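Enquirer: What follows is a structure written as structure tokens; I'll ask about it next.
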Amino acid sequence: MPSSREVNILVVEDDEIDSKALLKAFQKLKIVNPVTIAKDGIEGWEALQTLERPFLIITDINMPRMSGIELLGKIRGDKNFRDSIVFILTTSTDERDKIEAYDLNVAGYMLKSDMGSSFIRAIEMVENYWRVVEFPGT
């Protein structure tokens, strides 16, 4: 079983360029945690069923088949996953999306303002988060 410092990361992102940018940010920051990529909420939910704890989820909102908000609702509605730590990384500046995400207890709502430095800052923040908090289910 991984220690609380060996966090599995689930990235739910339908844009291949954004997925690659996230992976590049992980590499640049020398983050070697296991990363699983899912292309939409349905794939994310399926991946979550097999992901070893502790884990952290980074999801986009606007995706086909099942949005990030729908995935988050499904996670919060399941007793096995409702304590999951979820970050939103999206282009959506819609206040309703922010409110809905925080109503579903996201750990943070971050904007993809550019593919370079904002991704690095977002991943640095997420990495710092998992290094100082205690995860449930460890």
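Readers should treat all values here as calculations from the given coordinates under stated rules, not as data from a laboratory. On a predicted model such as this, the values are computed, not experimentally measured, just so you know. Reconstructed Cβ throughout: ideal geometry from the backbone, glycine too, with neighbour counts over all protein chains shown.
Enquirer: Grab the DSSP H runs of the chain that are 4 residues or longer, score each as -39,500 (n - 2.57), total them, divide by all residues and round the 222 nm result to the nearest 500 deg cm²/dmol. Please report the intermediate quantities before stating the final value.
Expert: Values: 5 runs with 55 residues, N = 138.
Calculated from helices alone, the mean residue ellipticity at 222 nm is -12000 deg cm²/dmol.
Enquirer: Under the definition of Cα pairs under 8 Å and six or more residues apart, what whole-number percent is the relative contact order of the chain? Display every interim value, and only then the final one.
Expert: Details: 219 pairs, mean separation 36.7, N = 138.
Across the chain, relative contact order equals 27 percent.
Enquirer: Amide H neighbours of VAL12 under 5 Å, at least 5 residues apart or on other chains, H built in the peptide plane: list them.
Expert: ALA38, ILE58, THR59, ASP60
Enquirer: Please compute one quarter of the surface area of the Cα convex hull for region 63-126 and express it in square nanometres.
Expert: Directional mean of the projected Cα hull area for region 63-126 stands at 4.7 nm².
Enquirer: Suppose R0 equals 22 Å; then what is the FRET efficiency for LYS20 and LEU111 from their Cβ-Cβ distance, rounded to the nearest 0.05?
Expert: Values: r = 18 Å, r/R0 = 0.84.
Efficiency for this residue pair is about 0.75.
Enquirer: Same structure again: Which of GLU43, GLU70 has the fewest other C-beta atoms within 10 Å, and how do the rest follow up to the most? Let's see the in-between values first.
Expert: Working: GLU43 19, GLU70 16.
Listed from fewest to most nearby Cβ atoms, that is GLU70, GLU43.
Enquirer: Please work out the FRET efficiency for the pair ILE99 and MET125, using the Cβ-Cβ distance as r and a Förster radius of 22 Å; give the result to the nearest 0.05. Don't skip to the end; give the middle numbers.
Expert: Numbers: r = 21 Å, r/R0 = 0.95.
Approximately 0.55, to the nearest 0.05.
Enquirer: Provide LYS74, LYS30 in ascending order of the number of other Cβ atoms located within 10 Å of each residue's Cβ, fewest first.
Expert: Working: LYS74 17, LYS30 7.
Fewest to most other Cβ atoms nearby, the residues stand as LYS30, LYS74.
Enquirer: For the chain, set up a Gaussian network in which alpha carbons nearer than 10 Å are linked by springs, and say which option among ASP14, ASP83, ASP60 fluctuates the most.
Expert: Answer for the Gaussian network model of the chain: ASP83.
Enquirer: So which lysines can LYS24 reach, going by Cα to Cα under 23 Å and dropping same-chain residues fewer than 8 places off?
Expert: LYS39, LYS112
Enquirer: Moving to a separate point now. Just add up the charged neighbours of SER19: K/R +1, D/E -1, any other residue whose Cβ is under 11 Å from the Cβ of SER19. Show your work: numbers first, answer last.
Expert: Numbers: positive: LYS20, LYS24, LYS39; negative: GLU13, ASP14, ASP15, GLU16, ASP18, ASP60.
Around SER19, the surrounding residues sum to -3.
Enquirer: How big is the charge dipole of the chain about its Cα centre, in debye rounded to the nearest 20, if each Lys and Arg gets +1 on its Cβ and each Asp and Glu gets -1 on its Cβ? Display every interim value, and only then the final one.
Expert: Working: 17 positive and 23 negative charges, 91 e Å.
Using only the charged Cβ atoms, the result is roughly 440 debye.
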